[in-house]
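Quick notes on the structure that follows.
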Amino acid sequence: MNRASPRRDVPPPTRLLKTPEGGARAPERVFEVICLLALMLPLLLLVVLIAQAFTDGRERLTWEFLTSYPSRFASQAGILPALVGSACLMMLTAVIAIPIGVGAALYLEEYARESRWTSFIEVNISNLAGVPSIIYGLLGLELFVRAMRMGRSLLAGAATLSLLLLPMVIMASREALRTVPQSTREACYALGADRWQTIRRVVLPMSLPGILTGIILSLARAIGETAPLITIGALTYVAFLPDSVYSPFTALPIQIFNWISRPQTDFHVNAAAGIVVLLAIMLVFNGAAIWLRSRFQRRFS
Amino acid sequence: MKKSLFVGVMMAATLGVCGCGKKEQARTVQIDGSSTVYPITEAVAEAFQKANPGMRVVVGVSGTGGGFKKFAAGETDISNASRPIRPSEAEACAKAGVEYIELPVAYDGLAVLINPRNTWAQDITVEELKKLWEPEAQGKITRWNQIRADWPDREIHLYGAGVDSGTYDYFTQAIVGKEHSSRGDFTSSEDDNVLVQGIAGDELALGFFGLAYYEENQDKLKLLPVDDGDDTNGKGAISPSLETVMDGTYQPLSRPIFIYVRKDALDRPEVEAFVRFYLQKAPELVKEVGYIPLSARSYELARERVDKRITGSLFGGKGSQVGAKIEELLEKEVR
């Protein structure tokens, strides 16, 4: 409209430098607004996404949907096996990935001497975090499903997802361990504690909030993974619940993907409802991460 | 200490939910393979388990090719396939000592579609489709009037099934004459719903995908009848429908889809019961999930194949065969 108007809103920067009191706030305000926009944009996208999935899937978001088996009739189909499969998968993955991941991080941070060998390992762990997840699926298929004869089971799925999570868990745990000041460790040694006691009583508890946050966030990522699970032979139609770690299984993202690609729009509604459930689970996971962190932080501050 | 408590709780929860120890899964029928066949097998599995409590059927979707890999490795009892087994796959099975029985279970029609606002095109011939889709057409055949002179001088926008799908393989085999060979400058998607959206919003579009996706979106799309130039199976251009696919007049864009059963798995009562249930219920269930059943005689002949344990492929392990009349092929084999 008016070509001159933008000038008036944003005064030329040279003048600002000369008058720090009044004008210096202006660029800061601009920066603040930009930062706010950077925050609002992804948030807005997320809200739109959730709102859309929710309005599309609202009619199927019933207790029945959560407790039914898949069916050829969209209105009778439910996500029970997928929900239980995903939950079992997450718990097994946590049981496998946490001890190994935290253990590896402890070794690298607390025991290993700085050497070419350890920095070589470090670089490789960071690289592994960037490997596409389907590659882990192929590895899992050959290693766990075939060589170790686990079959197309929950255990094989969890082991494969653990591989996927390990680099992330290790890196997050190491970051957390590094936040414990060296002086605290030395104070511990000065009091006569040995290394094991120092780690167990001081270092681990102090870094626990960071470690837990890292673990839970990476688990939240794993729950949305589809490709490696399909590769190792996770199923789409299962009409019973897993009864052992060797049980065949299906998972939420697989069920959602299957429904989305069906021709009938009724199945698309089911997919939307499934997405809402998946998002809700992620929200619970991430909420738990924040809660745990603040709880432990208060104890040690 | 908290840490060990945390791990302890996790372990207890896991064992609690998932139970522990290894249980035999002898009563489970393991199926994997094509996503096209999946809805039928899912429907049969659901009905079967309702009729036979205690027997379990699990179905995975790793594609026809992926399914055959697992089948040859002995990991599955039945493989869903949207095309006949390929020579390389048949070889892998032979090497592993896996004998299989091939059973056609339904037809899948491929539909050629345009936008409803397209007023000029009323039908298309296979010859014209070939001219449009063959690799040589890339970058050259880009306007409607290049296909038929009285069509307008406007751009044509092509949409097609993803190049990793059995649908694409069959379409190229039937139209171009060579499997997996076509022009590359078209919008492709593994998800046919994306193609539906694309064609529904583009006046100049022409695309192909499974008939079931048209049935669900009839108000957004216009079906283009196809003339194969062969008057012995119906004169002129023919629209795909339940009748024209079943009686074989909609050619060449209708294909049989299959299940492959491992011969030694058939000795297990639950597998045999499932396969018999499949062939018995198929005519009804196939229709319910949007596909086209074979003739009653074909299912009868397929049952005979199971009874006599006739192994191998009707197609000689050569892959897709255009215009295959399932009934005739089965008839020949059983004699």
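The values are calculated or read from the model by the stated rules, or taken from the named source; none is laboratory data. Keep in mind the model is a prediction, meaning the values are calculated, not measured. As a convention, Cβ positions derive from the backbone with ideal geometry for all residues, glycine included, and neighbour counts pool all protein chains shown. Each accessible area value is taken on the protein alone, full model and side chains, heavy atoms only, with ligands, DNA and RNA left out. Shrake-Rupley method; radii C 1.70, N 1.55, O 1.52, S 1.80 Å.
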Rounded to a whole number, the mean other protein chain Cβ count within 10 angstrom for residues of A:258-269 is 5
Whole-Å distance linking the alpha carbon centroid of region B:117-195 with that of region B:79-97 is 30
Per residue of region B:141-152, what does 6.51 cos²θ - 1.76 cosθ + 1.60 with θ = phi - 60° give for ³J(HN,Hα)? Whole Hz please, x for Gly and Pro, Karplus curve as stated. 8, 10, 10, 4, 6, 6, 8, 9, 4, 8, 7, x
Across the residues of B:182-195, average count of Cβ atoms on other protein chains within 10 Å? 1
Report, in whole Å, the centroid distance computed from the Cα atoms of region A:175-222 and region B:219-251. 71
Hey, what angle do you get for helix B:2-18 against the long axis of chain B, alpha-carbon based, 0 to 90 degrees rounded to 10? 80
What percentages make up the Cα-Cα pair-distance distribution of region A:85-294 when the bins are 10 Å wide from 0? 8, 29, 31, 20, 9, 3, 0, 0
Whole-number accessible area per residue in Å² for the protein assembly as shown, which is evaluated in the context of all protein chains at 1.4 Å: 47
Out of the trypsin sites (Lys or Arg not before Pro) in region B:156-256, which ones are loop residues according to DSSP with at most 15 other C-beta atoms within 10 Å? B:Lys178, B:Lys220, B:Lys235
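Only helical DSSP H runs with n ≥ 4 go in: add -39500 (n - 2.57) per run for chain B, normalise by residue count and round the 222 nm mean residue ellipticity to 500 deg cm²/dmol.
Result for chain B, helices only: -11500 deg cm²/dmol.
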Cβ-derived FRET efficiency at R0 45 Å, B:Arg276 paired with B:Gln122, nearest 0.05: 0.50
Given the options A:Thr67, A:Thr213, A:Thr184, which has the most mean-square fluctuation in a GNM of chain A, springs set between C-alpha atoms less than 10 angstrom apart? A:Thr184
Quick calc: nm separation of the 7 Å Cα→Cβ label points for B:Ala237 and A:Leu66 -> 5.3
For region B:238-246, what does the Karplus curve 6.51 cos²θ - 1.76 cosθ + 1.60, with θ = phi - 60°, yield as ³J(HN,Hα) per residue in whole Hz, taken in order and with x for Gly and Pro? 10, 7, x, 7, 3, 5, 5, 6, 5
Averaged over residues of A:84-91, the number of beta carbons from other chains lying within 10 Å of each residue's Cβ is 3
What are the membrane-span-like helices in chain A by this rule: whole DSSP H runs, Cα extent along the axis at least 20 Å, mean Kyte-Doolittle hydropathy at least -0.5? A:25-57, A:80-106, A:154-178, A:204-222, A:265-300
In square nanometres and to one decimal, what's the mean projected area of the convex hull around the Cα atoms of chain B? 21.7
Under 5 Å, built H, 5+ apart or other chain: amide partners of B:Val105: B:Ile257, B:Phe258, B:Ile259
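Which of the chymotrypsin sites (Phe, Trp or Tyr not before Pro) found in region A:223-256 are loop residues per DSSP with 14 or fewer other Cβ atoms within 10 Å of their Cβ?
Those that pass, being in a loop and sparsely packed, number zero.
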Can you pull the three principal axis extents for the Cα set of the protein assembly as shown, in Å, largest first? 96, 77, 50
Can you give me the angle between helix B:38-51 and the longest principal axis of chain B, using Cα atoms only, in degrees from 0 to 90, rounded to the nearest 10? 40
Report, to the nearest whole %, how much of the accessible area of the protein assembly as shown belongs to carbon and sulfur atoms, 1.4 Å probe, protein only. 59
Which value, in Å² and to the nearest 10, is the accessible area of A:Ser115 when all protein chains are kept and the probe is 1.4 Å? 50
